[in-house]
Amino acid sequence: MRILIVEDERQIAAFLERGLKEEGYAIDVVYNGNDALDWAAAVEYDGIVLDVMLPGRDGFSVCRELRARGSKTPVLMLTARDTVDDRVAGLDIGADDYLVKPFAFKELVARLRAVTRRQTDTRSVELQVGDLTLNTLTHTAQRGERRIELTAKEYNLLEFLMRNPNRVLTRTQIAEHVWNLDFLSESNVVDVYIRYLRRKIDDEPDLKLIKTVRGSGYLISDDPE
């Protein structure tokens, strides 16, 4: 999953970025409201962690504008102001949850999982391509009767492929979604992780699901080659 952190206190932003990366998320960080809106318009995020007190355009204004644009991206708002009116204001303009500083990192992760899970629930909990299934709540995969163990990055990559079956995804699209915009075009990290998935998913069965489209990228499909 790819998350946008909007936090002007750079020490907090760095702490959140480091911790969420360790949890397997791809992270982008911006430090003001205008940049948040620009990035949210350019990138499809799975969730946004949004501070209320920002220079220039504050978090309430950012969230209101996102919803006015039709964005359904889950928003977890952060604030140092622990008043009922502030929490109500945030929820009324479209925030999905509200967390007061200082907070325990474990609680932030739990709340982020909860709001992104609600978004997932509006789509599909279980994805399927051929005899391969992926449960987006438990992060478990299965090919036929065989259970497949996945690392966090392998899961994120497989989910992205399976949410786009029969669609060619370029290396850049994959890298930007599973990792972040800091991905270097000359890196072979996408190819490496595709190989990891193929060893776990396609080694035994006769029908290979993950296919290479030469000069373009990769796709997942149960159509015979």
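The values are calculated or read from the model by the stated rules, or taken from the named source; none is laboratory data. Remember, predicted model here, so these are calculated numbers, not experimental data. Here the Cβ positions follow ideal geometry from the backbone for every residue, glycine too, while neighbour counts run over all protein chains shown.
Please state which one of Ile48, Ile27, Ile12, Ile3 is modelled with pLDDT of 95 or more and either assigned by TED's automatic domain parsing to the domain that holds Asp85 or touching a strand residue (DSSP E or B) at 6+ places or on another chain (Cβ under 9 Å) (or both).
Ile48
Do we have Arg57 as loosely packed, with under 15 Cβ neighbours inside 10 Å, modelled with pLDDT of 90 or more and outside the structural domain of Trp179 (by TED's automatic domain parsing) here?
no
One residue is enough: does segment 113-127 have a residue meeting the conditions surrounded by fewer than 17 Cβ atoms within 10 Å (Cβ to Cβ), more than 27 Å from Trp179 (Cβ to Cβ) and either at pLDDT below 90 or not assigned by TED's automatic domain parsing to the domain that holds Asp203 (or both)?
No, because not a single residue in segment 113-127 is surrounded by fewer than 17 Cβ atoms within 10 Å (Cβ to Cβ), more than 27 Å from Trp179 (Cβ to Cβ) and either at pLDDT below 90 or not assigned by TED's automatic domain parsing to the domain that holds Asp203 (or both).
State whether the residues of segment 32-46 include one that is in contact (Cβ under 8 Å) with a residue 40 or more places away in the chain, surrounded by 17 or more Cβ atoms within 10 Å (Cβ to Cβ) and out of contact with any His (no Cβ under 8 Å at 6 or more places or on another chain).
yes
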